[in-house]
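The values are calculated or read from the model by the stated rules, or taken from the named source; none is laboratory data. This is a predicted model, so every value here is computed, not measured. Protein only, heavy atoms only, side chains kept; ligands, DNA and RNA dropped before computing areas. Shrake-Rupley method; radii C 1.70, N 1.55, O 1.52, S 1.80 Å.
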Amino acid sequence: PILGIFEVSTFKSKIGQKRSTFNSKTTVSFNVPYTAEISKATFGITPSEYKELKGLKREILRDHMDDFELIFTMLGERSTTEIHRNEDSQGVTKLQDDAKVGGDIAGGARKQLEKKLGRSVVTSENYLHKTENKKIK
């Protein structure tokens, strides 16, 4: 999906890493546990819990997120990537700490927006089903 200036595509590689491409120029890799750390700090739930909330089984979670959910996911991942690079992070513990900090940045922004909107950004609504229903009508 294209959101503002960011174009993001996500896929899972053969070695169990999640890879995201930003602006079709920069590729960053997150091991799946780090993605869970980022999600937990950003939304308060892991990707597995998020899928359960949205009623997904084998579907790709991002395909069913709305714009705000994607934006905060991207903010957490991109913040974590930049922290990794700036601090030249090494070792599992440091990488997990960076993932938590990146997720906390996105989580703080999410909470500020939720306070202003008076509603949660985290929703059980399923974006793909919503757009498919609009097309049918």
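Going by the conditions given, is G44 on the phi > 0 side of the Ramachandran plot, at pLDDT 95 or above and of a type outside the set (D, E, K, R)? Against the criterion (on the phi > 0 side of the Ramachandran plot, at pLDDT 95 or above and of a type outside the set (D, E, K, R)), G44 qualifies. I'm trying to understand the selection: among the residues of the stretch 88-123, which are in a helix (DSSP H, G or I) and over 16 Å from the mean Cα position of the chain (by Cα)? Across the stretch 88-123, the qualifying residues are V92, T93, K94, L95, D97, Q112, L113, E114, K115, K116, L117.
Every residue, every condition in (1) open to solvent by 90 Å² or more (accessible area, probe 1.4 Å); (2) modelled with pLDDT of 95 or more; (3) within 20 Å of E37 (Cα to Cα), yes or no:
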{"site": "K57", "(1), (2), (3)": "yes, no, no"}
{"site": "I60", "(1), (2), (3)": "yes, no, yes"}
{"site": "R78", "(1), (2), (3)": "no, no, yes"}
{"site": "K115", "(1), (2), (3)": "yes, yes, no"}
{"site": "L128", "(1), (2), (3)": "no, no, no"}
